[in-house]
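Enquirer: Here you go, one structure.
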Amino acid sequence: MRVSILGLGDIGKLIARCAIRRGYSVAGGVDIDPAKIGADIGELAGLNRIGKTVYSSVEELLSNEDVDLIIQSTTSHLDEAYRQFRPAIERGISVVSTCETLVYPYYRYPELAAEIDRIARHSGATVLGAGINPGYLLDILPAFLTAPCLYVESVRAARQLDAAKRRAPFRKKVGVGMRLEEYSEKLRRGEYTGHVGMAESALLIAKALRIKVDGIEESQVPVAADRLVESAGITVRPGEVRGVESICILRSAGREAVRLVFRALVGAEEYEEIAIEGEPSITWRSSGTPGDLGTASVIVNVAPMVLKAGPGLVTIDELPLMHSVVKST
């Protein structure tokens, strides 16, 4: 399996590192940063040289390398992501992307999803959006946990993490350290995104469990510190933004069928908790999942399944159960 990495920011470099360590043949990468173009992708990923370079465009990459699959990590918005990976799928090269809105693209981008599916089916490529959240913790994992249930009445899932332990771009996205009024306004204008993908997760659950969707509601609220908060070298003063709380509620037949909560707050306890109400009811709780390594691991674990899937645009619930491998001695 010959993979290339499109977008070599922090997550892209981590994915490249994980792919190389897993033993995949990494056939170069793509980035627009002049400082990265021409670099050896192994060295850029923090490992030894592998003799494969970083190109300035997908077209240039495909003119110089034999590639089976492109892994993209550049943007949360499908219209932007599609402009970048379209040259690949037109050539029959499959794509796995961390683009949050590609995880369930039919909600925000129904027409674009149809176009991607048409092109991919025609060329023989497969396109998938995947990641840790959305793509696993608040959607595929809750759906999987319903397996011992004869029937399900509702699903509630929550994830909370310490925003101070995440990379700087993530902290910026959730407004850490900003004045509450300033961040709220930038969030309202779309200059900052907060957390993206809650509706996508809820709709993946609905798709997997065959829940008829009557309506879906999303909210994203900045959380201000009421005292001095310090964690992992980050200090937030009273009145400044600690992070965000995102809530998504999916309704069916006049009731709340799915409730998802995501909190990214400096100094917060880290955990995930999933509660299935049904016959029987089940509750599961973890001590938290590292988001960056989790995302990269999901991508390298699902990549072989994408190459075995049929052509077209797919969602992760349509693939076999993904899993890791035992480290060879």
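Enquirer: Of the residues LEU228, LEU180, LEU204, which single one is of a type outside the set (Gly, Ala, Ser), touching a Pro at 6+ places or on another chain (Cβ under 9 Å), assigned by TED's automatic domain parsing to the domain that holds TYR271 and within 20 Å of VAL298 (Cα to Cα)? Please lay out each step first, then the result.
Expert: Working: LEU228 fails: within 20 Å of VAL298 (Cα to Cα); LEU180 fails: within 20 Å of VAL298 (Cα to Cα).
Every option except LEU204 fails the conditions.
Enquirer: Whether any residue in region 249-256 is over 28 Å from ALA232 (Cβ atoms) and within 16 Å of the chain's Cα centre (by Cα) is what I want to check. Don't jump to the end; show me each part of the working.
Expert: We begin by selecting, within region 249-256, every residue over 28 Å from ALA232 (Cβ atoms); these are 249-256.
Add one more test, that the residue is within 16 Å of the chain's Cα centre (by Cα), and what stays is none.
No, region 249-256 has no match at all.
Enquirer: If you take the residues of region 208-265 that are of a type in the set (D, E, K, R) and either more than 21 Å from ILE276 (Cα to Cα) or in contact with a helix residue (DSSP H, G or I) (Cβ under 6 Å, 6 or more places away or on another chain) (or both), which of them is surrounded by the most Cβ atoms within 10 Å (Cβ to Cβ)?
Expert: Narrowing region 208-265 to residues of a type in the set (D, E, K, R): 210, 212, 214, 217-218, 226-227, 230, 237, 240, 242, 245, 251, 255-256, 259, 263.
Filter once more, so that each one left must be either more than 21 Å from ILE276 (Cα to Cα) or in contact with a helix residue (DSSP H, G or I) (Cβ under 6 Å, 6 or more places away or on another chain) (or both): 218, 226-227, 230, 237, 240, 242, 245.
Details: GLU218: 14, ASP226: 9, ARG227: 8, GLU230: 12, ARG237: 12, GLU240: 21, ARG242: 28, GLU245: 19.
Looking at the filtered set, the residue picked out is ARG242.
Enquirer: Here is a follow-up. Please work out if GLU100 is surrounded by 23 or more Cβ atoms within 10 Å (Cβ to Cβ), outside the structural domain of GLU240 (by TED's automatic domain parsing) and charged (D, E, K, R). I'd like the intermediate steps shown before the answer.
Expert: Values: surrounded by 23 or more Cβ atoms within 10 Å (Cβ to Cβ): yes; outside the structural domain of GLU240 (by TED's automatic domain parsing): yes; charged (D, E, K, R): yes.
It is true that GLU100 is surrounded by 23 or more Cβ atoms within 10 Å (Cβ to Cβ), outside the structural domain of GLU240 (by TED's automatic domain parsing) and charged (D, E, K, R).
Enquirer: Suppose we filter LEU307, LEU321 for residues that are within 22 Å of ALA143 (Cα to Cα), surrounded by fewer than 17 Cβ atoms within 10 Å (Cβ to Cβ) and of a type in the set (A, V, I, L, M); which single one remains?
Expert: Working: LEU307 fails: within 22 Å of ALA143 (Cα to Cα).
Going through LEU307, LEU321 in turn, just one is within 22 Å of ALA143 (Cα to Cα), surrounded by fewer than 17 Cβ atoms within 10 Å (Cβ to Cβ) and of a type in the set (A, V, I, L, M): LEU321.
Enquirer: Of the residues VAL54, VAL26, VAL67, only one is surrounded by 19 or more Cβ atoms within 10 Å (Cβ to Cβ) and within 30 Å of TYR192 (Cβ to Cβ); which? I'd like the intermediate steps shown before the answer.
Expert: Values: VAL26 fails: within 30 Å of TYR192 (Cβ to Cβ); VAL67 fails: within 30 Å of TYR192 (Cβ to Cβ).
Just one listed residue meets the conditions, VAL54.
Enquirer: Then there's this: With the requirement that a residue be assigned to a helix (DSSP H, G or I) and either among the charged types (D, E, K, R) or outside the structural domain of ARG17 (by TED's automatic domain parsing) (or both), what does region 71-92 give you?
Expert: Initially, region 71-92 is screened for residues assigned to a helix (DSSP H, G or I), giving 78-90.
Listed by number, the residues that qualify are ASP79, GLU80, ARG83, ARG86, GLU90.
Enquirer: Pick out, from region 223-329, the strands (runs of 3 or more DSSP E) lying fully within it that include 3 or more residues that are touching a Gly at 6+ places or on another chain (Cβ under 9 Å) and either farther than 26 Å from TYR151 by Cα or acidic (Asp, Glu) (or both). Walk me through how you get there before you give the answer.
Expert: Numbers: elements: 229-231, 234-236, 241-252, 255-265, 271-279, 282-285, 312-314.
Per the criteria, 229-231, 234-236, 241-252, 255-265.
Enquirer: Filter region 93-110 down to the residues that are closer than 21 Å to GLU217 by Cα and not in a loop (DSSP other than H, G, I, E, B) and list them by number.
Expert: Of everything in region 93-110, those that are closer than 21 Å to GLU217 by Cα and not in a loop (DSSP other than H, G, I, E, B) turn out to be GLU100, THR101, LEU102, PRO110.
Enquirer: Which residue pairs have Cβ atoms under 6 Å apart, sit 6 or more places apart or on different chains, and have a first residue in region 131-143 that is in contact (Cβ under 8 Å) with a residue 40 or more places away in the chain and among the β-branched types (Val, Ile, Thr) and a second that is surrounded by 24 or more Cβ atoms within 10 Å (Cβ to Cβ) and in a loop (DSSP other than H, G, I, E, B)?
Expert: Between residues of region 131-143 that are in contact (Cβ under 8 Å) with a residue 40 or more places away in the chain and among the β-branched types (Val, Ile, Thr) and residues that are surrounded by 24 or more Cβ atoms within 10 Å (Cβ to Cβ) and in a loop (DSSP other than H, G, I, E, B), there is no close pair.
Enquirer: Considering only residues of region 138-177 that are charged (D, E, K, R) and closer than 19 Å to SER201 by Cβ, which is surrounded by the most Cβ atoms within 10 Å (Cβ to Cβ)?
Expert: Initially, region 138-177 is screened for residues charged (D, E, K, R), giving 139, 153, 156, 159, 162, 165-167, 171-173.
Narrowing further to those that are closer than 19 Å to SER201 by Cβ: 139, 153, 156, 159, 166, 173.
On the way: ASP139: 31, GLU153: 13, ARG156: 16, ARG159: 25, ARG166: 21, LYS173: 21.
Among those residues, the one meeting the criterion is ASP139.
Enquirer: Further question: Take GLY38 and tell me if it is without any contact (Cβ under 8 Å) to a residue 24 or more places away in the chain, surrounded by fewer than 23 Cβ atoms within 10 Å (Cβ to Cβ) and in contact with a strand residue (DSSP E or B) (Cβ under 9 Å, 6 or more places away or on another chain).
Expert: On the way: without any contact (Cβ under 8 Å) to a residue 24 or more places away in the chain: yes; surrounded by fewer than 23 Cβ atoms within 10 Å (Cβ to Cβ): yes; in contact with a strand residue (DSSP E or B) (Cβ under 9 Å, 6 or more places away or on another chain): yes.
When the stated conditions are applied, GLY38 passes them.
Enquirer: Additional query: Sort out which residues of region 254-273 are small (Gly, Ala, Ser) and at pLDDT 95 or above, and write them in order of number. Break it down into steps so the answer makes sense when it comes.
Expert: If we filter region 254-273 for residues that are small (Gly, Ala, Ser), which is where we start, we get 254, 257, 264, 267-268.
If the condition is that a residue be small (Gly, Ala, Ser) and at pLDDT 95 or above, then ALA257, ALA264, GLY267, ALA268 are the ones that fit.
Enquirer: Under 6 Å by Cβ, and 6 or more places apart or on different chains, what pairs join a residue from region 230-249 that is closer than 29 Å to ARG156 by Cβ with one that is among the hydroxyl-bearing types (Ser, Thr, Tyr) and surrounded by 16 or more Cβ atoms within 10 Å (Cβ to Cβ)?
Expert: VAL241/TYR183
The values are calculated or read from the model by the stated rules, or taken from the named source; none is laboratory data. Just so we're clear, the structure is a prediction, and the values are computed from it rather than from any experiment. Using ideal geometry, Cβ is built from the backbone for each residue, glycine included, and neighbour counts are taken over all protein chains shown.
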